[in-house]
Structure formats: C-alpha cells, structure tokens
1. Does at least one position in region 143-152 carry a residue that is over 29 Å from residue 50 (Cβ atoms) and aromatic (Phe, Trp, Tyr)?
2. I need a count of the residues in region 118-151 that are crowded, with 18+ Cβ neighbours inside 10 Å and more than 19 Å from residue 64 (Cβ to Cβ).
3. With surrounded by 23 or more Cβ atoms within 10 Å (Cβ to Cβ), under 14 Å from residue 19 (Cβ atoms), modelled with pLDDT under 90 and out of contact with any strand residue (DSSP E or B) (no Cβ under 9 Å at 6 or more places or on another chain) as the only criterion, which of 175, 186 stands out?
4. Out of all the residues in region 101-120, is one or more basic (Lys, Arg) and under 24 Å from residue 34 (Cβ atoms)?
5. Could you tell me whether residue 193 is at pLDDT below 90 and within 22 Å of residue 88 (Cα to Cα)?
6. So residue 108 ticks every box in (1) under 30 Å from residue 46 (Cβ atoms); (2) assigned to a loop (DSSP other than H, G, I, E, B) but one. Which box is left unticked?
Amino acid sequence: MGEELYLSYSSAFLIGLLGSTHCLSMCGGISASLSMALPVGRGFRLRQTIMLLAFNGGRIGSYAIIAALIALLSTSATGYWTQLGPVLRTLAGVLLILMGLSMGQWWQGIRYVERIGGPVWKRLSPLTSRVLPVHHVRQALALGALWGWLPCGLVYSTLGWAALQPTVGSAATTMLFFGLGTLPSMLATGYAATWIRRLREQKHFRQVAGLLLIGFGIWTLPITAMMHSGHG
C-alpha cells in the first residue's frame, strides 16, 4: 500500500507539472496581476515572492480540501457498494484521457466537464472582489483559496484520481502533490518569465504532455489494473 501511495503522489506531481500550461490560461493571469499590483522599490522581489507563495498556497489548499470532501463521499460509498471502485477508476481514467486530448489540442471535450463546477464558482466568484486589489498576504491567501474552486478540467481529472485513494488523508495529499507540480509554472508566470509563455505555445510540448496524460488515464482504467495484477 505504501508503494502504491508513493507512486500515486509522484504521479500526481508529474500530472500537475505536465498539465500546468493548461493552468496558465485560467490562473496565470491572476498570478501575474499580483506582481503588477505591488509597488516597485526596495524589497520588491521578496514581497512579490511572498505574495505569489501565499496565493498559490491558498489555491493548493483548496485542492486538498475539495479532495478530502470528495474522498469522504467516495470512501463511504464504496464501503456500502464495493462495485463502485471500478466505476471510480473508469471515471478517473476517462477524465485524464480527456484532459490529455485537450492538452494535445486534439479535442476540447473536457470543457463540458468543466461546466459541472459552474454553479459553485458562480457563488464564490463574487467574493474575490472583496480581496481585490491585493495588498496584504492574507488577501493573497484568501484569493488563492477562492481561485482553487475555479472550474478546471485538469483539477477535475486529478480529483477523480484522488477519489481512488483509500483514505481521506491520502486523497488530500494526492492533490497537494498535484498542486506542487503546478507551482513552478505559476511562479514563473508571476515573475513574468517569457520562457513559460513560449513553452505554452509550443505545439510539440503540448502534444507530448497530452500523450503522457492519456497514458496515465489508460493506466488508471480498471482493465489495465487487472492486466497489471494478473502479471504480478
């Protein structure tokens, strides 16, 4: 079990790292605006780093909370209905495959999945105006915590995978590692790094990342798990 969790955590980190160019289109703008709102002067880079870390800390924390809530439901449900496990695995695998197709720019069907979180975000998004413009760390943390609920196909794909974890804590940790995987790109965007924008525009990088996400999805599917266990 420990080895399986380790593989899940490291894989979740890799999914976040590979898919982070998708995050830039949804979270990159707000991350960059935090830096632009800060007055330039002595200690600017330190203040910028603290603000970016606070924002992303809040965002990643929300991912972990959402995963814990979903895991509470999924672990309880599988306790009563053991056949739910393969259903969850199939859902998680399909979501990752859809995300891979979107990353590779082959098909954008994941957008239909993103609409699921629309009603929740409609209620939470007005709260962001209460912490804007951001001048303090607590405002950046609160903004990130709200932004973590923004409908995102990549987040939903990984949440489906986190729901497969045996405990609520391991599900939350899976999303924590996923969030850490997205952190380098988000920080680079906040620092206005031009290389991250060029990376996002590179067709071959997106296609390779998409293929790897599709591979994760296929690996997650129940039939693949059965084949793996059969070889073992």
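The values are calculated or read from the model by the stated rules, or taken from the named source; none is laboratory data. Quick caveat: nothing in here was measured; it's all calculated off a predicted structure. Here Cβ is always computed from backbone atoms with ideal geometry, including for glycine, and neighbour counts include all displayed protein chains.
1. Checking region 143-152: not a single residue is over 29 Å from residue 50 (Cβ atoms) and aromatic (Phe, Trp, Tyr).
2. Looking only at that region, the number is 3.
3. 186
4. Here is the first cut: in region 101-120, the residues basic (Lys, Arg) are 111, 115.
Then keep just the ones that are under 24 Å from residue 34 (Cβ atoms); that gives none.
Scanning region 101-120, I find no residue that is basic (Lys, Arg) and under 24 Å from residue 34 (Cβ atoms), so the answer is no.
5. On the way: at pLDDT below 90: yes; within 22 Å of residue 88 (Cα to Cα): no.
When the stated conditions are applied, residue 193 does not pass them.
6. Status for residue 108: all satisfied but (1).
Every residue, every condition in (1) aliphatic (A, V, I, L, M); (2) part of a helix (DSSP H, G or I); (3) loosely packed, with under 14 Cβ neighbours inside 10 Å; (4) modelled with pLDDT of 80 or more, yes or no:
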residue: 5; (1), (2), (3), (4): yes, yes, no, no
residue: 16; (1), (2), (3), (4): no, yes, no, yes
residue: 35; (1), (2), (3), (4): no, yes, no, no
residue: 53; (1), (2), (3), (4): yes, yes, no, yes
residue: 73; (1), (2), (3), (4): yes, yes, yes, yes
residue: 92; (1), (2), (3), (4): yes, yes, no, yes
residue: 97; (1), (2), (3), (4): yes, yes, no, yes
residue: 112; (1), (2), (3), (4): no, yes, yes, yes
